[in-house]
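Asker: Just passing along the structure, written as structure tokens.
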């Protein structure tokens, strides 16, 4: 009942969301979470609900406000029959799992459950789906595909990362290609390695086509 209530709530909230952060993104992250959880000793209800609610109000679509998502998730969870401890755990996961959080100087909450959902979310940012999502968001923000004159900024601060308006190809070097080495679980690492290789092949082909070599 709790899971079906949550799914219905998320589908309603994300009905008109940008294509890379819509219900189907949530569903993929949820499925990744189930897969990774098979080999990890975690609270299954916590990881399932955290996966479903993790992007209920992504800060990118709320003027950079990182508090809206956790607040909205907490408000929903208070209407469900879940222990206080599990509610707090889920909200802490949502508040601390974003990539931008890892770039700041905040003291981060951590748990195995957070690591599982974080891996599940990061897997959806790489590989074939990750490429599609990157260009979909770039189009949504009217960004260039690529500009050889604009070089990627490696080792960005949290503020620089969140304010970036760089071409989409730069995002591969500023985030996507870095995720392989930021995975927490063994299952996450194995899947990430394969998706990372696919992105590298894609970039090789992209540059060859850009330069008229293939």
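Asker: Order these by the 10 Å Cβ neighbour count, fewest first: 183, 1.
Answerer: Ascending Cβ contact count within 10 Å gives the list 1, 183.
Asker: Going from the alpha-carbon gyration tensor of the range 96-214, what semi-axes, largest first and in whole Å, does one get by taking the root of 5 times each eigenvalue?
Answerer: 26, 18, 11
Asker: Do the sum for the chain: with -39,500 (n - 2.57) for every DSSP H run of n ≥ 4, divided by all residues, what is the mean residue ellipticity at 222 nm, to the nearest 500 deg cm²/dmol?
Answerer: Theoretical 222 nm ellipticity from helices: -18000 deg cm²/dmol.
Asker: Further question on the same structure: Name all residues of the range 9-45 having a backbone nitrogen under 11 Å from the label point set 7 Å from the Cα of residue 186 along its Cα→Cβ direction, giving them as ranges.
Answerer: Once the point is set 7 Å along Cα→Cβ of residue 186, 39-40 turn out to lie under 11 Å by backbone N, inside the range 9-45.
Asker: Okay, next question. So for 210, 23, fewest C-beta neighbours within 10 Å to most, what's the order?
Answerer: 210, 23
Asker: Taking only Cα atoms, what is the 0 to 90° angle, nearest 10, from helix 112-123's long axis to the longest principal axis of the chain?
Answerer: 30 degrees
Asker: Here is a follow-up. Which angle from 0 to 90°, rounded to the nearest 10, does the C-alpha axis of helix 68-77 make with the longest principal axis of the chain?
Answerer: Tilt relative to the chain: about 30 degrees.
Asker: Angle check, please: helix 127-140 long axis (alpha carbons) against the longest principal axis of the chain (alpha carbons), in degrees 0 to 90, nearest 10.
Answerer: Its long axis makes an angle of about 80 degrees.
Asker: If I take R0 = 30 Å and measure r between the Cβ atoms of residue 4 and residue 193 in this structure, what FRET efficiency does the formula 1/(1 + (r/R0)^6) give, to the nearest 0.05?
Answerer: The pair residue 4/residue 193 has a calculated efficiency of 0.30.
Asker: Moving on to the next point. Is the C-alpha gyration tensor of the chain telling us rounded, prolate or oblate? Criteria: a/c under 1.5 is rounded; beyond that, a/b larger than b/c is prolate, otherwise oblate. Walk me through the intermediate numbers first.
Answerer: On the way: a/c = 1.89, a/b = 1.66, b/c = 1.14.
In terms of gyration-tensor shape, prolate.
Asker: Which of the peptides 5-12, 75-82 is most tightly packed, and how do the rest follow, going by the mean number of other Cβ atoms within 10 Å of each residue?
Answerer: Highest-to-lowest ranking by the protection proxy: 5-12, 75-82.
Asker: Let me ask another. How do 171, 21 rank when sorted from fewest to most other Cβ atoms within 10 Å of their own Cβ?
Answerer: Arranged by neighbour count, lowest to highest, 171, 21 become 21, 171.
Read the figures in this text as sums done on the coordinates, not as results from a lab. The structure presented is a predicted model; accordingly, all values stated were derived computationally and were not measured. Reconstructed Cβ throughout: ideal geometry from the backbone, glycine too, with neighbour counts over all protein chains shown.
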